[in-house]
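Peer 1: Take this structure first; my questions come after.
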Amino acid sequence: MTTKDSASGYMTGRLLVAMPTIGDPRFEKTVIYMCAHNEDGAMGLVVNKLLGALTVSELMGQLSLEGSAATERMPVHFGGPVETGRGFVLHSADHVYEGTLQIDERVALTATMDVLKAIAAGQGPRRAMMALGYAGWGPGQLDQEIQANGWLQVPADDELVFGTALEAMWSRALQRLGVDLGMLSSEAGHA
C-alpha cells in the first residue's frame, strides 16, 4: 500500500483512517477527509465526530444570522484540534463561492458565510457538512505518522464523506480496504 496518491503524489481528496496505534485520544477511531496535502504540509477535516448536539442553526444564531429548517437538522462536526473556533463547510462541488477551494470534481471546501447563507435559503450545495477546527500537519509530519502505522488511507466516496451513520463510519472505511477489525491491535509491531 502506498502512502500517497500516484497521480498527484499526495493524499488530497482521500480519507485517512486512524489505526488503533494512533496514540492520540483526539483521533481515536477517526476518519479524516484530506482537503490539502503537499510539500508544505496537510490539512483535513474529521468527518465522523460531532461537537455535542450543536446544530448549524444554533451556531448561526450565535453569529446573528438566521438559520432555517435545513440548518436546524445539520449538526456541527469536530473538524480537528487546530483553530477550533474557525468554521469550514465541506460540500459537494455543485456550488462554489468566492474563496471556495475546489478539492476535486466532487468535493469543495468553503470557509466563508456565503455557503451557510445559501444552505439556509435552500439554495446551497446538494450535500454539506459543517465543522469547527481542522486537523493539520507540518511538512513531512503526516508521512511520518503513516510510516509509524498511525493511519491508513482509503478512497473517498460521498457516503463516507457526507454520511450520517457516524458511529459506523470508521469500521466501514476499514472494511472497504478489506481490513478485518478483529485482527487489529493497539500494539505496534515490527517484523
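Peer 1: If you check Arg14, Arg26, which single one turns out to be closer than 21 Å to Leu152 by Cα, surrounded by fewer than 17 Cβ atoms within 10 Å (Cβ to Cβ) and in contact (Cβ under 8 Å) with a residue 40 or more places away in the chain?
Peer 2: Working: Arg14 fails: surrounded by fewer than 17 Cβ atoms within 10 Å (Cβ to Cβ).
On inspection, the qualifying residue turns out to be Arg26.
Peer 1: Scan the range 137-159 and give yes if some residue there is part of a loop (DSSP other than H, G, I, E, B), within 16 Å of Leu16 (Cβ to Cβ), of a type in the set (S, T, N, Q) and in contact (Cβ under 8 Å) with a residue 12 or more places away in the chain, otherwise no.
Peer 2: yes
Peer 1: Could you list all residues from the range 72-110 that are in a loop (DSSP other than H, G, I, E, B), surrounded by 14 or more Cβ atoms within 10 Å (Cβ to Cβ) and over 13 Å from the mean Cα position of the chain (by Cα)?
Peer 2: Listed by number, the residues that qualify are Met74, Ala93, His95, Val96, Tyr97, Thr100, Arg106.
Peer 1: Take the range 111-136 and flag every residue that is part of a loop (DSSP other than H, G, I, E, B) and over 21 Å from His37 (Cβ atoms).
Peer 2: If the condition is that a residue be part of a loop (DSSP other than H, G, I, E, B) and over 21 Å from His37 (Cβ atoms), then Thr112, Ala121, Gly122, Gln123, Gly124, Pro125, Arg126, Arg127 are the ones that fit.
Peer 1: In addition: Within the range 29-48, work out how many residues are buried (at least 21 other Cβ atoms within 10 Å of the Cβ) and part of a strand (DSSP E or B).
Peer 2: Result for the range 29-48: 11.
Peer 1: Please tell me if Leu59 is in contact (Cβ under 8 Å) with a residue 60 or more places away in the chain and not in a strand (DSSP E or B).
Peer 2: yes
Peer 1: What are the residue pairs meeting all of these: first residue in the range 120-136, first residue buried (at least 16 other Cβ atoms within 10 Å of the Cβ), second residue among the polar types (S, T, N, Q) and in a loop (DSSP other than H, G, I, E, B), Cβ atoms under 8 Å, and 6 or more apart or on different chains?
Peer 2: As it stands, the answer is Ala120/Ser68, since those pairs meet every condition given.
Peer 1: Then there's this: Filter the range 147-184 for residues that are at pLDDT below 90 and of a type in the set (Val, Ile, Thr); which is farthest from the chain's Cα centre (by Cα)?
Peer 2: So the residue we want is Val179.
The values are calculated or read from the model by the stated rules, or taken from the named source; none is laboratory data. The model shown is predicted, which means the values in this text are computed figures rather than measured ones. Cβ sites come from the backbone with ideal geometry, for glycine too, and all protein chains shown count toward neighbours.
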